[in-house]
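J.: If you scroll down you'll find the structure; I have some questions about it.
Just so it is clear, none of the values below were taken in a lab; they were calculated from the coordinates. Being a predicted model, the structure only gives us computed values, none of them experimental. So basically every Cβ, Gly included, is an ideal-geometry build from the backbone, and we count neighbours across all protein chains shown.
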Amino acid sequence: MEKLEAALIKAREMRKAALSSSDTLHERPGARGLTEARKPGRDTADWTDLPEVEITSQRALNYRLTTLLGGKDATPYDMLRSRAIRIMREKGWSRLAVTSPDAGCGKSTVSLNLALSLARQKDLKILLIDLDLRRPSLHRLLDYVPTRSVFDVLRGEAKLEEASARIGTNLIVAMNAEPCKQPAELLQSAQARDALAEIEQRWQPDIMIFDMSPILASDDNVGFLPNVDCALLVAAAESTSMPNIDICEKEIAQLTNVLGIVLNKCRYADDSVGYSYGTYG
Ligand SMILES: Nc1ncnc2c1ncn2[C@@H]1O[C@H](COP(=O)(O)OP(=O)(O)OP(=O)(O)O)[C@@H](O)[C@H]1O
Ligand SMILES: [Mg+2]
């Protein structure tokens, strides 16, 4: 565990040095940037038209939505939020993917907690999208089955509102009602890229978060990551191996900017919820 933390710190230092040099940055064509003022037009969608879901405290407890429980359990996410906002503002980024080497590291839990934490800043509009099209889970975390799925939206066969619900007035969660067939082809298609641009134009989120599938399980990330500005890598402290973290970090770095590594499920971490992380910058 200590070895893993030390290796992560070293990797973070190396990445930090690389990120501070502008020629290693990935620049996504059409990136909007977090600071660019929204310009609502006639076609801008009204977020309050979406159905609202409420997360009970029992549900927050059962699914480790610690951001909602408040107190010191929410602190690691609030720190992650603040660093993410700072770096994304500085670099002009607005799209963040959350991925991991293998399954079950906590991507969906981290994605939803981070989105909830960001949404506590009422001046920010957050759109969280379930892009783990093989094993979608955000609908289960929220106990909400949408009439259509995100993959229908990416194919141009449904509207975002048919796959989404809102939490409060500034967080939308777009979900899948079932797994998708051939997700890799869809995720790397021009159709999906255009659908995302249209969603961004119509809904005007400040930050889009994508809950992805694990890197080592499929090609889904390879095809999709060029559509985001940066990615967080979630590793499970006691099950993800250091070589796998290293391989995945390098793979992400070839496709987009690595925002940081979240070391999840740390039984012996200083805080009670079991997170430790390193963001660069
Ligand atoms: N910090 C934590 N400590 C202990 N258990 C956790 C922690 N974070 C998440 N979990 C649990 O681990 C399991 C997997 O979490 P989650 O579904 O978020 O992972 P995932 O990476 O999205 O999985 P998948 O690859 O299947 O999509 C869940 O039961 C979740 O409650
Ligand atoms: Mg998941």
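J.: Kirkwood Rh and Cα-based Rg: tell me the resulting Rg over Rh for segment 96-148, rounded to two decimals.
T.: Taking Rg over the Kirkwood Rh, I get 0.97.
J.: Follow-up. Using 0.36 nm per residue, how much length does the chain from D246 to D143 gain when fully extended, once their Cα-Cα distance is taken away?
T.: In short, 33.6 nm is gained.
J.: Would you mind computing, in nm to one decimal, how far apart the modelled labels at I85 and K72 are, each placed 7 Å from Cα along Cα→Cβ?
T.: That separation, rounded to one decimal, is 2.4 nm.
J.: Just want to confirm a number: the relative contact order over segment 216-262, from Cα pairs under 8 angstrom separated by 6+ residues, in percent.
T.: The normalised contact order for segment 216-262 reaches 54 percent.
J.: Taking H placed 1.01 Å from N in the peptide plane, check which residues at least 5 places from L171 or on another chain put their amide H under 5 Å from its amide H.
T.: Those qualifying (amide H under 5 Å, at least 5 residues apart or on another chain) are I126.
J.: Further question on the same structure: Using the Karplus curve 6.51 cos²θ - 1.76 cosθ + 1.60 with θ = phi - 60°, work out ³J(HN,Hα) for each residue of segment 48-53 in order, rounded to whole Hz, and write x for Gly and Pro.
T.: 6, 6, 6, x, 9, 10
J.: Continuing with this model, one more query. Please list the non-local residues whose amide H lies under 5 Å from the amide H of A231, H modeled 1.01 Å from N, same-chain partners needing a gap of 5 or more.
T.: The list, which skips near neighbours in sequence, is A97, N257, V258, L259, G260.
J.: Can you list the residues, at least 5 places off or on another chain, whose amide H is less than 5 Å from the amide H of R32, using H built in the peptide plane?
T.: S94
J.: Per-residue HN-Hα couplings for segment 56-73, Karplus 6.51 cos²θ - 1.76 cosθ + 1.60 at θ = phi - 60°, whole Hz, x for Gly and Pro?
T.: 6, 5, 5, 5, 4, 5, 4, 9, 6, 8, 5, 4, 6, 7, x, x, 6, 5
J.: Just the Kirkwood number for segment 82-213, please: inverse of mean 1/r across all distinct Cα pairs, in Å, one decimal.
T.: Details: mean 1/r = 0.0675 Å⁻¹.
Over segment 82-213, the inverse of the mean reciprocal pair distance is 14.8 Å.
J.: Using Cβ counts within 10 Å as a stand-in for footprinting exposure, how do M212, M88 rank, fewest first?
T.: The fewest-first ordering by Cβ neighbours comes to M88, M212.
J.: For T66, T44, T75, what's the fewest-to-most ordering of other Cβ within 10 Å of each Cβ?
T.: On the way: T66 25, T44 13, T75 17.
If I rank by nearby Cβ atoms, fewest first, I get T44, T75, T66.
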